[in-house]
Each structure stands twice: as C-alpha cells, then as structure tokens.
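We did not get these values from a lab; they are worked out from the coordinates using the rules stated. Being a predicted model, the structure only gives us computed values, none of them experimental. Here the Cβ positions follow ideal geometry from the backbone for every residue, glycine too, while neighbour counts run over all protein chains shown.
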Amino acid sequence: MQDFLRASHDEVFDAVERFERMITTEKLVYFDVNQVENIYDFYLDKHLFDQAEQIIEIGLNQHPQATSLLIKKAILLADHGNKDDALDILKQVAPIENTNPDVFMTMGWIMLQKSEVDTAVSHFLKATDLAFEDEEDILLEIGYNLNQEEAYAEAIKFLDRLVIKNPNNENALFELAFALDKVFEYEKSIDIYEKLLSINPFSENGWYNAGIIYNKLEQYIKASQAYDYTIAINPYHSEAYFNKGNSLVHHGCFNEALDAYIEHSTLSNDVALTYQYIADCWEQLGDFDMAIRFYQLVIKELPNNADAWYGIGTALMETKNFTGGLQAIDQAIAINSLHADYWFAHARGLFELNKVEDAAQSLENGLNIDPDEVTGWFELIKLKVALYEDFNIPSFLKEVRERYDDVAAIYYLSAVAHYHYLEDTKIAIEELKKAIAISEEGLTTVEEDYPELLKEKEIVALLQNNA
C-alpha cells in the first residue's frame, strides 16, 4: 500500500515537473485527463490559482469533451466572479455528469451567489442525494455556504441532517449553533454550544460564542463564566475580557467589570470605548473623579466623542459642579444635538443654577426628540406651572396630544395633569386607562411621583385584571 501511495505521489510530481518544463521551454507536452486533474489539484492545494487555471486551459485544448475538466473550469470561473459563464458550462455537462455531486454543488453555490436561494437549495438537495460516502462533507459545506450567505433557516435544515447522522461532528455543531443564534433561537443555540463543549471542552470559539448567547438570554453570570473559560484557553483573547466586563456590568458587578475592562485595555490597541466603559463603572461606583479621568482619556483619543463629554457633565453635576457640568454637556450637544439625554441633563444643570425658564426649554428640546420619556413630561409641566401663573394646562395638553398621537407618555401626562392640577379624577382615570392600554412602562413613574392616583378603585381593579 505504501509503495502504491509513493508511486502515485511520484507520478503527480513528475506530471507537475513536465508541466513546468513545458511552460519554461514553451514546447507543448501531452497530458492525459488524469494528469491534468492531478496538476490542477496540486496547484489548487498551494493556492497557486494562475497555474491551476493555466493547466485546465491546456487540458481542455487537448481534451475538449472531458467533463471533469469542464467542471473544474466552471468552478474556477465561478470563483473569479464569472457566474453566468460557469453556469452555462455546468448546464452543458449536467445531463452527462448527472451522478456527480460536484456539478450540483457548484450550481447551487452559483445560484446562492445570485441570491436565488430556493434554486440553490434544490441543487444542494440533488448533491446530497448523490453524495454517498461524502455526504457528511457535502452537508457541512452546504451548511457553511448557506450561513455565509445569511440563509440561516435553510442552513439549519442541512446541518440538522448532518448532526443526526453524526452527533459528534464539531464543525456541524458550531455552524448549527451559529445559525440558530441568527434566527433568534437562543435556547436551542446554547443547547448546541453546550453539546459541542461537552465533546470538546477546549474549544475557544465555542466558549466565546456561548458567552454571547448567555448574554442574549440575560444569563450574565453564565456568560461571564464562559468568557473565563475562553480566557483560560487563550489568555490573550482581548474581546473575551471586554465581553466579560459587559456581562458583569449587566449583573451590577462593577468592581469585577473594571478588572475585565482594564485587562482588555492592556491587550487591545482600540481602547477608547473601553475607557468609556471604565468611566461608566467608576460613575456607578460613585467615584466621580476617577470617572472624569477616564472620560478625559476617551476625549484625548476621540475629541468629538459626545458620550464622553456627556459623561464628564453628569459626573461633575454629581459633585455639585453644575457650571462645569453644563459646559461639558454643551460640548456634547454641539457634537450631537439630537440626543434626548443630553438635553435632559442640560435641563437639570440649568434648573440647579436657578435658570428655570432655560431649563424648561432644554427639557422641551429633549422631549421633542424622545416623547416617550414620562418623567420628562412630568417635570416639564411642573416647570411650566411654576413659571407662568396663567399657564393653560388644557391648551398645553391639546397641543402635545396633536403633536404626539398615540404616545403613552402623553396620556400619562394628561392623567397626572387632570388628577393633580385640574382636580378632575374622572378624566384622569380615563386618560390613565388609555395610557396603560398602550404601554404599562409609565406606571412606575406614576407610582413614584403620584402614588395616590394608582389607589383609585377603578385603576386598582384594572391593574389586578392585567396582572
């Protein structure tokens, strides 16, 4: 057997040498079809595509009806973007090579490139029917190609077949878990990743992707642990540190998140966003000086980072430096005036400096961008009533309702205005019912600011029915 393999190996090299001498001497040499295929495969394995293309052309000049060479030429044409020419060749040879899975695989791949997924799948199905002992390889290749072209639902069907045939095929499990993630089947995706990791607990990409899915399932501690395994396998996996930090932040573990982010900053060249997240952690921990320091590092890297200016502004305001905070918020607004939170922070700073009228205008600017902000509307009407003795609440409510049709926050505003300012409980209850029908998210704000409204019998009964 070894002698046979050695002889076969020597024959390939002999054919390649003859071909290269032919090119050098420019003297035509005859090759049989098998030799052409061997030379082609030799160059293709070495990614020497020009030579592979050259031998195919020579082979077809000598054997113009050789379907195996025509198929290889079609594959080369398809790889070079000449899909229509490749398809013409394959349609020509398909009736002759109707038991060759490569024909239908290539036709399927070309149709996939042309975004004709259904036709591609029909060709792929023919290829799998003809595959026999190569069925696993072909199913995996189909699943991979469908994933690459974002045809995830179709990829799942082929990959499911492969996993049933071979439940321990790691590549198939990885591609299947990936596809399930893309169609939002997170529970099924994590089940597959867990199976993959039970087979190969040292799969770096398996642990990393499992962490991503755990995050999507809001299982943040499991996500953090998955990234720990990733890091144990590869201590230099910078994105695992970064994602671990994000998971820990979501779980409220800001000190631990800081450690992860700092590790990421030592491994990555792109650190501006990491510095920003470190600053956010310090802000959450109440260390506003450290927060400001890291926001300043962001600005050193990215002077026009509006979020960093906003972070400095809010941190300064937490230290009662409202003048400095406003200056930073002004910078954020100058960069991006369409961010509602910037205007809400701006309003707070102005209010603290007793610039109430300006505060009301900033608050209104923010609400024009984000009319769903219930707290903002409650604060705005308070400011309006305090500023203007003759403030016409019904007229104001009519104006904002016309401007923001079917926005739950406006009905919450109307309910509170009628209950607290106009003392019309009946209308207040009707407006609150409308608000709840659209969205219940504003109830928390009502409970914090006007809890007595939620104690009205009709509202209590409504909330109990909705529970």
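Can you give me the distance in nm between label points at LYS91 and GLU301, each placed 7 Å from the Cα along the Cα-to-Cβ direction?
Rounded to a tenth, the inter-label distance reads 5.4 nm.
How much net charge surrounds ASN147 when only the other residues with a Cβ under 10 Å from the Cβ of ASN147 are counted, with Lys and Arg +1 and Asp and Glu -1?
-3
Counting only trypsin sites (Lys or Arg not before Pro) that are in a DSSP loop and have at most 11 other C-beta atoms within 10 Å, tell me the longest site-free stretch of the chain.
Here the longest run is 47-319.
With label points built 7 Å along Cα→Cβ from the Cα atoms of ASP370 and THR319, find their separation and express it in nm.
The two pseudo-label positions are separated by 2.5 nm.
If I stretch the segment between ASP41 and THR25 completely, what's the gain in nm (0.36 nm per residue apart, minus their alpha carbon distance), one decimal?
Additional length available on full extension: 3.5 nm.
How high is the FRET efficiency between ASN61 and LEU125 when r is their beta carbon distance and R₀ equals 41 Å, given to the nearest 0.05?
0.70
Only loop residues by DSSP count here, and only those with at most 15 other Cβ atoms within 10 Å; note down the chymotrypsin sites (Phe, Trp or Tyr not before Pro) in segment 206-242 that meet that.
In loop regions of segment 206-242 (DSSP not H, G, I, E or B), the sparsely surrounded chymotrypsin sites (Phe, Trp or Tyr not before Pro) are TYR236.
Quick one: length gained pulling GLU204 to ASP390 fully straight, 0.36 nm per residue minus the C-alpha distance?
So the chain would gain 60.2 nm between GLU204 and ASP390.
Run the numbers for ASN466 and GLU150: contour at 0.36 nm per residue of separation, minus the present Cα-Cα distance, in nm.
Stretched out fully, the ASN466 to GLU150 stretch lengthens by 109.8 nm.
Run lengths n ≥ 4 of DSSP H only: what is the helix-derived mean residue ellipticity at 222 nm for the chain, with -39500 (n - 2.57) per run over all residues, to the nearest 500?
Mean residue ellipticity, 222 nm, calculated: -24000 deg cm²/dmol.
Lys/Arg Cβ at +1, Asp/Glu Cβ at -1, dipole of the chain taken about the Cα centre: which of LEU217, THR375, TYR450 is farthest positive-ward?
TYR450
When only C-alpha pairs under 8 Å and at least 6 residues apart count, what is the relative contact order of segment 388-467, in percent?
Reported as a whole number, the value is 24 percent.
Rg (Å, one decimal) plus Dmax (Å, integer) for the alpha carbons of the chain?
According to the Cα coordinates of the chain, Rg and Dmax are 33.2, 105 Å.
With +1 assigned to the C-beta of every Lys and Arg and -1 to the C-beta of every Asp and Glu, and no other charges, what is the dipole magnitude of segment 1-152 about the Cα centre in debye, to the nearest 20?
With Lys and Arg at +1 and Asp and Glu at -1, about 460 debye.
In the chain, if the dipole is taken from +1 on Lys/Arg beta carbons and -1 on Asp/Glu beta carbons about the Cα centre, which of ILE427, PHE288, GLY311 is farthest to the positive end?
Toward the positive end, the furthest listed residue is ILE427.
With +1 on each Lys and Arg Cβ and -1 on each Asp and Glu Cβ, and nothing else charged, work out how big the dipole of segment 211-312 is about its Cα centre, in Debye to the nearest 20.
For segment 211-312, the charge dipole is close to 180 debye.
How much FRET efficiency would the formula 1/(1 + (r/R0)^6) give for ASP287 and HIS80, where r is the Cβ-Cβ distance and R0 is 41 Å, rounded to 0.05?
Given R0 = 41 Å and the Cβ-Cβ separation, E is 0.10.
Considering only DSSP states other than H, G, I, E and B, which chymotrypsin sites (Phe, Trp or Tyr not before Pro) in segment 25-86 qualify as loop sites with at most 14 other Cβ atoms within 10 Å?
In loop regions of segment 25-86 (DSSP not H, G, I, E or B), the sparsely surrounded chymotrypsin sites (Phe, Trp or Tyr not before Pro) are TYR30.
R0 = 41 Å: FRET efficiency of ASN255 with LEU353, Cβ-based, nearest 0.05?
E between ASN255 and LEU353, to the nearest 0.05, is 0.75.
Under DSSP H, which helices of the chain have Cα atoms covering 24 Å or more of the helix axis and a Kyte-Doolittle average no less than -1.0?
2-25
Size of the dipole of the chain about the Cα centre, Lys and Arg at +1 and Asp and Glu at -1 on the beta carbon, nothing else charged, in debye to 20?
For this selection, approximately 300 debye.
In percent, what relative contact order does the chain have, based on Cα pairs under 8 Å that are 6 or more apart in sequence?
4 percent
Can you tally the net charge around TYR220? Count Lys and Arg as +1, Asp and Glu as -1, for every other residue whose Cβ sits under 14 Å from the Cβ of TYR220.
Surrounding charge for TYR220 is 0.
State the answer as a single residue: which of TRP109, LEU350, TYR275 lies farthest towards the positive end of the charge dipole of the chain, with beta carbon charges of +1 for Lys and Arg and -1 for Asp and Glu, about the Cα centre.
LEU350
What are the GluC sites (Glu not before Pro) within segment 425-464 that DSSP puts in a loop, where the Cβ has at most 10 other Cβ atoms within 10 Å?
none
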